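Take a look at the structure set out below.
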Amino acid sequence: MKILLKIVGAVVIVLFVALVVLRFTGLDPNDPKAAKDRRSGLWLKGNLVTTPVTDWSFTDKYETIEIETNTWFLIPHSVRIDCATYQGRLYLNSRVPKGVAPYPGGRMWNRDVARDPHVRLKIGNNLYPEVLLFVTDPAEKEGAFKAMQAKYPHFDLTPGGSINVFRVTNG
């Protein structure tokens, strides 16, 4: 019994130290072009920008951006996502495969945003604390979808699937 307690204690200590190190060093999701596997990350690192953004068109030059959400277990979750601007606003999307429950179903970060819409976006080397709003207006969703198609020529819905669209608002 004492040996089991020592082993469990050692594992807990190692995990704690690893999380503390990752908190200070960050762990960005890997670039989908750099590896076959798409790995999610933890804390994002960069220069914090607190000035509200009024025109997000500068993001058009970035193929992908990173988003950090707040999980229920208090360790951030970050992934790379597509983004596009429509009428100066920034929109994010999440494809939902056929058979998956509608919003907040789908990807883990969608569920995180449904619970807590406060996120951090990493664009270039800058971090923007923002709030995401799930888009329900059909006209706004259609405009954002068309902006995605213009930026990403192969952008389309998963056959039989749907898409969750989020508008970025100042956090």
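When the range 122-157 is limited to residues that are out of contact with any strand residue (DSSP E or B) (no Cβ under 6 Å at 6 or more places or on another chain) and among the acidic types (Asp, Glu), the one that is farthest from Tyr86 (Cα to Cα) turns out to be Asp156.
Residues checked against (1) among the hydroxyl-bearing types (Ser, Thr, Tyr); (2) crowded, with 17+ Cβ neighbours inside 10 Å; (3) more than 11 Å from the chain's Cα centre (by Cα); (4) modelled with pLDDT under 85:
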residue	(1), (2), (3), (4)
Arg38	no, no, yes, yes
Thr54	yes, no, yes, no
Tyr62	yes, no, yes, no
Asn70	no, yes, no, no
Ser78	yes, yes, no, no
Ala84	no, yes, yes, no
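Looking across the range 105-119, the residues that are touching a residue at least 24 places away in the same chain (Cβ under 8 Å) and either assigned to a loop (DSSP other than H, G, I, E, B) or among the acidic types (Asp, Glu) (or both) come down to Gly106, Arg107, Asp112, Asp116. Restricting attention to the range 86-110 and to residues that are surrounded by 16 or more Cβ atoms within 10 Å (Cβ to Cβ) and within 11 Å of the chain's Cα centre (by Cα), the residue that is farthest from Val168 (Cα to Cα) turns out to be Arg107.
Within the range 88-97, is even one residue in a loop (DSSP other than H, G, I, E, B) and of a type outside the set (D, E, K, R)?
Yes, the range 88-97 contains a residue that is in a loop (DSSP other than H, G, I, E, B) and of a type outside the set (D, E, K, R).
Would you mind stating whether His118 is surrounded by 18 or more Cβ atoms within 10 Å (Cβ to Cβ), of a type outside the set (A, V, I, L, M, F, W, C) and out of contact with any Cys (no Cβ under 7 Å at 6 or more places or on another chain)? Reasoning before the result, please.
Details: surrounded by 18 or more Cβ atoms within 10 Å (Cβ to Cβ): no; of a type outside the set (A, V, I, L, M, F, W, C): yes; out of contact with any Cys (no Cβ under 7 Å at 6 or more places or on another chain): yes.
The answer is no for His118.
Of everything in the range 127-168 that is polar (S, T, N, Q), surrounded by fewer than 14 Cβ atoms within 10 Å (Cβ to Cβ) and not in a helix (DSSP H, G or I), the residue that is modelled with the lowest pLDDT is Thr158.
The values are calculated or read from the model by the stated rules, or taken from the named source; none is laboratory data. Since the model is a prediction, treat every value here as computed from it, not as a measurement. Every residue, glycine as well, gets a Cβ built from its backbone with ideal geometry; the counts of neighbours run over all protein chains shown.
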